1. If we keep just the residues of the range 57-69 that are part of a strand (DSSP E or B) and of a type outside the set (Gly, Ala, Ser), which is farthest from Ser167 (Cα to Cα)?
2. Restricting to the range 74-118, and then to whatever is out of contact with any strand residue (DSSP E or B) (no Cβ under 8 Å at 6 or more places or on another chain) and within 19 Å of Asp135 (Cα to Cα), can you tell me which residue is surrounded by the most Cβ atoms within 10 Å (Cβ to Cβ)?
3. Of these, Ala128, Ala60, Ala69, Ala78, which one is closer than 20 Å to Asn154 by Cβ and of a type in the set (A, V, I, L, M, F, W, C)?
4. Which ranges mark the strands (runs of 3 or more DSSP E) fully within the range 1-56 that have 1 or more residues being within 21 Å of Asp135 (Cα to Cα)?
5. Sort out which residues of the range 10-46 are over 20 Å from Leu103 (Cβ atoms), in contact (Cβ under 8 Å) with a residue 40 or more places away in the chain and surrounded by 12 or more Cβ atoms within 10 Å (Cβ to Cβ), and write them in order of number.
6. So, Gly91, is that one in contact (Cβ under 8 Å) with a residue 40 or more places away in the chain and on the phi > 0 side of the Ramachandran plot or not?
7. Filter the range 142-180 down to the residues that are among the acidic types (Asp, Glu) and touching a helix residue (DSSP H, G or I) at 6+ places or on another chain (Cβ under 9 Å), then identify the one that is surrounded by the fewest Cβ atoms within 10 Å (Cβ to Cβ).
Amino acid sequence: MSYIETPLKGCFEITPNLFKDARGSFFEAFNKAHFYAATGLSFEVAQENQSTSVKGTIRALHYQKGAYAQAKLVRVLAGEIIDVVVDLRPGSPTYGIHHRTKLSALNLKQLYIPKGFAHGFSVLTNTATVVYACDAPYQKDQEGGIYFADPSLNIDWGLGEGRPLLSEKDQALPLLKDVF
């Protein structure tokens, strides 16, 4: 596997080694010991989520607060997305900075997102199925979010000029400056 740290410390793009033969293909999606050796970080899965969304959907910038913060390992089973993270760690030199990358069923890339980040994605193909393993369970009363079109973040979601599909909750999220 290839582990490349993004400009946001502790956030890694991971590409597995794909093995193909006449029967099909195989890759190791996660190996705890290899992950630790490459990143110096430990990751234990407490909950795994899967979503399927249609083209033009943005699942906005969500996070869990304080002691309920979650690290995530995100990958795409079908389709293609632009995955976006925003550093929300107090005192971080990259606080308020975002990183975006394409994840797809074809490129097999994954994104490891440490605790203290907001996470969202946009769907580029007719549908996309996304799986994200989390190191802590979801706590509804500890969730937060940031509006996807916050001008201070200036995120290009890759959807062009069209109007994205958003949940009512995501349409009402605050700007970053109003969260902390």
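None of the figures in this text is laboratory data; all of them are computed from the coordinates on show. Note that this is a predicted model, so its numbers are computed, not measured. Please note: Cβ atoms are built from the backbone with ideal geometry, for glycine as well, and neighbour counts cover all protein chains shown.
1. Filtering the range 57-69 for residues part of a strand (DSSP E or B) gives 57-64.
The next check asks that each one be of a type outside the set (Gly, Ala, Ser); those that pass are 57-59, 61-64.
On the way: Thr57: 9, Ile58: 8, Arg59: 8, Leu61: 12, His62: 12, Tyr63: 16, Gln64: 18 Å.
Per the stated criteria, the residue is Gln64.
2. The first filter runs over the range 74-118 and keeps only residues out of contact with any strand residue (DSSP E or B) (no Cβ under 8 Å at 6 or more places or on another chain), leaving 90-93, 114-115.
Add one more test, that the residue is within 19 Å of Asp135 (Cα to Cα), and what stays is 114-115.
Numbers: Pro114: 21, Lys115: 18.
That would be Pro114.
3. On the way: Ala128 fails: closer than 20 Å to Asn154 by Cβ; Ala69 fails: closer than 20 Å to Asn154 by Cβ; Ala78 fails: closer than 20 Å to Asn154 by Cβ.
Criteria check complete, one pass: Ala60.
4. Values: elements: 2-5, 12-15, 19-21, 24-26, 47-54.
So the answer is 2-5, 12-15, 47-54.
5. Once the filter is applied, which keeps residues that are over 20 Å from Leu103 (Cβ atoms), in contact (Cβ under 8 Å) with a residue 40 or more places away in the chain and surrounded by 12 or more Cβ atoms within 10 Å (Cβ to Cβ), the range 10-46 yields only Ala46.
6. Numbers: in contact (Cβ under 8 Å) with a residue 40 or more places away in the chain: no; on the phi > 0 side of the Ramachandran plot: yes.
So Gly91 does not fit the description; no.
7. Applying the first criterion (among the acidic types (Asp, Glu)) to the range 142-180 yields 143, 150, 156, 161, 168, 170, 178.
Retained after the next criterion (residues that are touching a helix residue (DSSP H, G or I) at 6+ places or on another chain (Cβ under 9 Å)): 143, 150.
Values: Glu143: 14, Asp150: 21.
Within the range 142-180, the match that is surrounded by the fewest Cβ atoms within 10 Å (Cβ to Cβ) is Glu143.
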